[in-house]
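Structure record follows, encoded as structure tokens.
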Amino acid sequence: MTRVSIVTLGCPKNVVDSGNLADGLSREGIICTEDMNDSDIVLVNTCGFIEDAKKESIEEILKLRQLRSEGRKLLVFGCLAKRYKDELIKEIPDIDAIWGVGEEEKIIEYCKSVDSGNRGQVAKRTKKTQDSCHPELIAPSYAYLKIAEGCDRGCTFCVIPSIRGSYMSFEPETILKYAERHIRAGIKELIIIAQDIGNYGNNKGYNLSSLLRDISSISGDFWIRLLYLYPTALGKDLISAIAGNGKVCNYIDVPLQHSEDKILKAMGRGGSREAYKNKIRMIRDMIPDITLRTTFITGFPGETEDDFNGLKIFVEEMRFDRLGVFEYSKEEGTPASKMKGIVPKRIAKMRRDELMRIQSHISLEKNRLIIGKRFKALIDEVDGDIAVARLYSQAPEIDGVTLIPGCGMHHPPLLSVGGFVDIEITDAYDYDLKGRAV
């Protein structure tokens, strides 16, 4: 029986795509295994969003090509594969087959055609292989729930629409089926993702608020977290739906990308500095304990020192709870790649570092304010005597964590991975927190 391993690179949306592919393979009788030494085929799901992601994908492919000498097939798919298919085939002839985005059926057909009985030099299998694996379940405590594909926003720096196409909302029944499966498996946090979740279903009379209502009606003790809300899609109705739903974390990720009107216009973003300030005030008025996360880009073509100073003032004034900063990455085929006023990379990096220094002080001040307060926390990991947990205000992989020492000294252990616990915050750092179980 054919065995397949899937290596996933890039964003959580790729994680979900790999999980769906694993499901499709399993339905055809193909076994998915996490052990590449026990596989006939290795599939690499690539990312091609920015330069660093492209480099990572290429390096991973080059590292894995040695597997072919052991009789395995090396297959490549995903964003990078779609953008640079011809170049990859030319530069890395060790790739046996290559597909872009949304070609899962072709991948499955290819895998079905591989004869696992003629693997040549592949070593004998000695380890137990799982009947199936679901790469989207990357932790016992949380799972990503992808609700749409593509994007219609047309930001001048972004290649996603050219790779993944126009925005398409998935059917509610499909999303709810996956949500129920995750919850039955013991998942305690469902993370709603898409390139633009706020645009979900609006053209069908069933929107994100409707979906949140239906997911939260599923029986079980779990959180719902929202990532990637385009600022102009976040209106009063949706904010009210978040505020009034006890299962939705009071956590909103709204990537603003910049604060200055001139740069926002060049980026093709909706909104303005004043509109963003008003939106943030409205969110905080309607949800007083909201955690707001955003991202900014430094070094966009045409960004002057005055523009950057304006962005610094905006960050200091708005005092975001969470903030990420990326240096502008010039991507082929985007309108921004043809713009004048290129900012040197070293300047873009200096600006990024300066913004992060400002944010580290803000984050530390905000963290210190909750020392002595009690929260519900979700345990992601227990390492010896220390549990690694998260509050509603901490998204996995991108935010800090809450450390709970001393939990391993009890028999049986007080805390278990994938469970909730009430804790009191005892100390605070720039991004992480420390607490004790109560």
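The values are calculated or read from the model by the stated rules, or taken from the named source; none is laboratory data. All values derive from a computational prediction rather than experimental measurement. Here the Cβ is made from the backbone with ideal geometry for all residues, glycine too, and neighbour counts use every protein chain on show. Heavy atoms of the whole protein, side chains included, go into the accessibility calculation; ligands, DNA and RNA do not. Shrake-Rupley method; radii C 1.70, N 1.55, O 1.52, S 1.80 Å.
Beta carbons closer than 7 Å, at least 6 apart along the sequence or on distinct chains, pair a first residue in segment 184-211 that is in contact (Cβ under 8 Å) with a residue 40 or more places away in the chain with a second that is among the charged types (D, E, K, R) and open to solvent by less than 10 Å² (accessible area, probe 1.4 Å) for E189/R225; I191/R225; I192/R225.
Can you say whether C158 is modelled with pLDDT of 90 or more and within 30 Å of I263 (Cβ to Cβ), as far as the supplied structure shows?
Taking the combined requirement at face value, the residue satisfies it.
Screening L311 against (1) in contact (Cβ under 8 Å) with a residue 24 or more places away in the chain; (2) in contact with a strand residue (DSSP E or B) (Cβ under 9 Å, 6 or more places away or on another chain); (3) open to solvent by 30 Å² or more (accessible area, probe 1.4 Å) leaves a single unmet condition, (3).
Does I362 satisfy the criteria of being open to solvent by less than 50 Å² (accessible area, probe 1.4 Å) and not in a strand (DSSP E or B)? For I362, the condition - open to solvent by less than 50 Å² (accessible area, probe 1.4 Å) and not in a strand (DSSP E or B) - is met.
Looking at the structure I just gave you, is Y206 over 20 Å from Y328 (Cα atoms), modelled with pLDDT under 95 and in a loop (DSSP other than H, G, I, E, B)?
When the stated conditions are applied, Y206 passes them.
The residue that is farthest from T426 (Cα to Cα), among those in segment 323-348 that are open to solvent by 100 Å² or more (accessible area, probe 1.4 Å) and in a helix (DSSP H, G or I), is K338. Scanning segment 1-14 for residues that are assigned to a helix (DSSP H, G or I) and open to solvent by 20 Å² or more (accessible area, probe 1.4 Å) yields a single hit, P12.
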